[in-house]
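Below is one structure; the comments refer to it alone.
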Amino acid sequence: MKDKGTSILNWYMENKRDLPWRNTSDPYKIWISEIMLQQTRVDTVIEYYLRFIDRFPDVQTLAEAPMEEVLNFWKGLGYYSRAKNLHKAANLIMTRHAGKFPETYEEIACLPGIGAYTAGAILSIAYNQPYPAVDGNVLRVIARLEGLEADITQEKTKKTVSRLVQDMIPEGRAGDFTQSLMELGALVCIPSGPRCEECPVRNLCTAFRNESQNVLPVRKKSGQPVPEFLFWVAVVEEKGRILLEYRKDETLLGQLWGLPMVEKGMDTTLEEQMLKKYGIWLMRGEVLGEVSHVFSHRIWQMEVIKCSPAAEGPASPALYWADPEEWMDLAIPTAFQKVLKLL
Ligand code: SF4
C-alpha cells in the first residue's frame, strides 16, 4: 500500500494548488478551513476563510466574539450549525484546555461539530500524526483504487477505507498525504468522468484496470423521500421597513434572522396563526409568490403573502422592524433571502 501512498504524495508535491490554509500548520486555522470546506466549494471558501481568520485569528478571539457576529461572517455559506459549533467549541477549548488547541484524537473528536474526518484532518495536517481523514472524496478515490464494491454509505465500508488509508500513509508525511488524497479526489478522481490519463496511480488502480471507474463507488439510495413542510411567510411592511424575526436557538436556522412564518393548516388562517405565535394582528394582502428551499433533510415550501399590521398590540420581542439597508448587516440565511428577492 505504501507505493500507492508515495505515488499520490509525489504527484501532490508537484501539482498542489496554492490555497491559503496550506501555508500554515496552526490547528485552529486548519480546523476553520476544514469546517468551511464541508458542503462548500473551495473557490467559495477562500474569501470567507480569509475574512474569518482576519477577524477571528485565534481560538480566544472567536470564543469572546458574540455569536451573532460569528454568524454574520458565515452569512452566505449556509449550514449555519457549523458556525454555531465553531463558537461553542472555541469556548470549550478556552475552559477545558486554557485556550490551547488539543492534540489528541479523543480530545479533538469530542468537540462540537468535529467528527472522525475532521479530527483526522487536524491531527494529520497540523500535527503530522498518522491519522486517516476519510470524507466522501477519499471514499470515492479508495473505492476505485482498491475496486471496493461495498456500499460506501455503510459504517463498515468507511472503517475498511480508513484502514486502507492508514496503511498508505508514507512515513513521517501524514499531513501532506492527507492533503494529497483530498487533492486527487478534487482534481483527478472526480465523481463523473475521472481523468485517469493524468492519474499518478493509474497503473495500480483496480477500477482503471477493470474499466469500472463509472460504476464505483457503490452508493445505495436510502429510498426515504425528503419530507416537505408547508408554511405561510408574512412580508409585513410599514413605512418602508419590513418585520423580521430573530429565530429561536432550538429551531432550524436558529439565532439567525428570518421573516415571520407559520405552518399552513387546513382548519386555520394565517391571521390566527400569526396572532397565536407572535401576538400580532395582521391583515392579509396579495400573494407575492412561492419559494421552496431544500435542506439536507427537509424541504420548505413557502407561500409568501404581503400583510399589513391590523392593530397595535403586544408583539413578540423576537420581532424587529428593519430598514432595507440593515438587511445587509443581519445574518439572513438563503431561505429568507429568496423570500426578500420577491419584493
Ligand atoms: Fe481514479 Fe482513474 Fe486514478 Fe483510478 S486511475 S484512482 S479511477 S482517476
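The values are calculated or read from the model by the stated rules, or taken from the named source; none is laboratory data. Treat the numbers as computed from the prediction; the structure is a model and nothing was measured. Virtual Cβ from ideal backbone geometry, glycine too; neighbours counted across all protein chains shown.
The residues in the range 38-65 that are at pLDDT below 95 and not β-branched (Val, Ile, Thr) can be counted, and the count is 4. Every listed requirement among (1) within 21 Å of residue 105 (Cβ to Cβ); (2) within 16 Å of the ligand (Cβ to nearest atom); (3) charged (D, E, K, R) is met by residue 159 save one, (2).
Please find, among 290, 245, 272, the residue that is modelled with pLDDT of 90 or more and assigned to a helix (DSSP H, G or I). Before you say what the answer is, go through the steps one by one.
Details: 290 fails: assigned to a helix (DSSP H, G or I); 245 fails: assigned to a helix (DSSP H, G or I).
Result of the check over 290, 245, 272: 272.
Among the residues of the range 296-314, which ones are closer than 18 Å to residue 237 by Cα and surrounded by fewer than 15 Cβ atoms within 10 Å (Cβ to Cβ)? Of everything in the range 296-314, those that are closer than 18 Å to residue 237 by Cα and surrounded by fewer than 15 Cβ atoms within 10 Å (Cβ to Cβ) turn out to be 308, 310, 311, 312, 313, 314.
Summed over the range 41-66, residues that are among the charged types (D, E, K, R), under 20 Å from the mean Cα position of the chain (by Cα) and assigned to a loop (DSSP other than H, G, I, E, B) total 1.
Within the range 177-205, residues that are more than 13 Å from residue 11 (Cβ to Cβ) have Cβ atoms under 6 Å from residues that are near the ligand (Cβ under 8 Å from one of its atoms) and assigned to a loop (DSSP other than H, G, I, E, B) in these pairs: 194/213, counting only partners at least 6 apart in sequence or on another chain. Listed conditions (1) more than 16 Å from the ligand (Cβ to nearest atom); (2) buried (at least 19 other Cβ atoms within 10 Å of the Cβ) are all met by residue 116, apart from (2).
Please tell me if residue 147 is of a type outside the set (A, V, I, L, M, F, W, C), surrounded by 13 or more Cβ atoms within 10 Å (Cβ to Cβ), touching a helix residue (DSSP H, G or I) at 6+ places or on another chain (Cβ under 7 Å) and at positive phi. Yes.
Among the residues of the range 119-142, those identified as away from the ligand (no atom under 16 Å from the Cβ) and not in a loop (DSSP other than H, G, I, E, B) are 119, 120, 121, 122, 123, 124, 125, 126, 127. What is the residue count in the range 43-91 for residues that are loosely packed, with under 14 Cβ neighbours inside 10 Å and of a type in the set (A, V, I, L, M, F, W, C)? Selection size over the range 43-91: 1. Flag: residue 184 does not match the condition of being part of a loop (DSSP other than H, G, I, E, B) and within 9 Å of the ligand (Cβ to nearest atom).
Name the residue that is nearest to residue 59 (Cα to Cα), counting only residues in the range 94-116 that are outside any loop (DSSP other than H, G, I, E, B) and in contact (Cβ under 8 Å) with a residue 24 or more places away in the chain.
The qualifying residue nearest to residue 59 (Cα to Cα) is 94.
Here residue 324 does not fit the description of being under 18 Å from residue 256 (Cα atoms), free of Cβ contacts under 8 Å to residues at least 60 places away in the same chain and over 26 Å from the mean Cα position of the chain (by Cα). Of 233, 287, 304, 262, which residue is within 30 Å of residue 88 (Cα to Cα) and of a type in the set (Val, Ile, Thr)? Matching residue, one of 233, 287, 304, 262: 262. When 323, 249, 267 are checked against the criterion of being touching a strand residue (DSSP E or B) at 6+ places or on another chain (Cβ under 6 Å) and of a type in the set (D, E, K, R), 323 stands alone in meeting it. Out of curiosity, is residue 177 among the hydrophobic types (A, V, I, L, M, F, W, C) and part of a helix (DSSP H, G or I)? It is true that residue 177 is among the hydrophobic types (A, V, I, L, M, F, W, C) and part of a helix (DSSP H, G or I).
Being under 24 Å from residue 275 (Cα atoms) and in a loop (DSSP other than H, G, I, E, B) is the filter; apply it to the range 191-242 and report the residue that is nearest to the ligand (Cβ to nearest atom). This residue is 240.
Going through the range 252-269 one residue at a time, which ones are in a strand (DSSP E or B) and without any contact (Cβ under 8 Å) to a residue 60 or more places away in the chain?
Once the filter is applied, which keeps residues that are in a strand (DSSP E or B) and without any contact (Cβ under 8 Å) to a residue 60 or more places away in the chain, the range 252-269 yields 261, 262, 263.
Of all residues being part of a helix (DSSP H, G or I) and surrounded by 20 or more Cβ atoms within 10 Å (Cβ to Cβ) in the range 165-174, which is farthest from the ligand (Cβ to nearest atom)? Just the residue, please. Taking the candidates together, the pick is 174.
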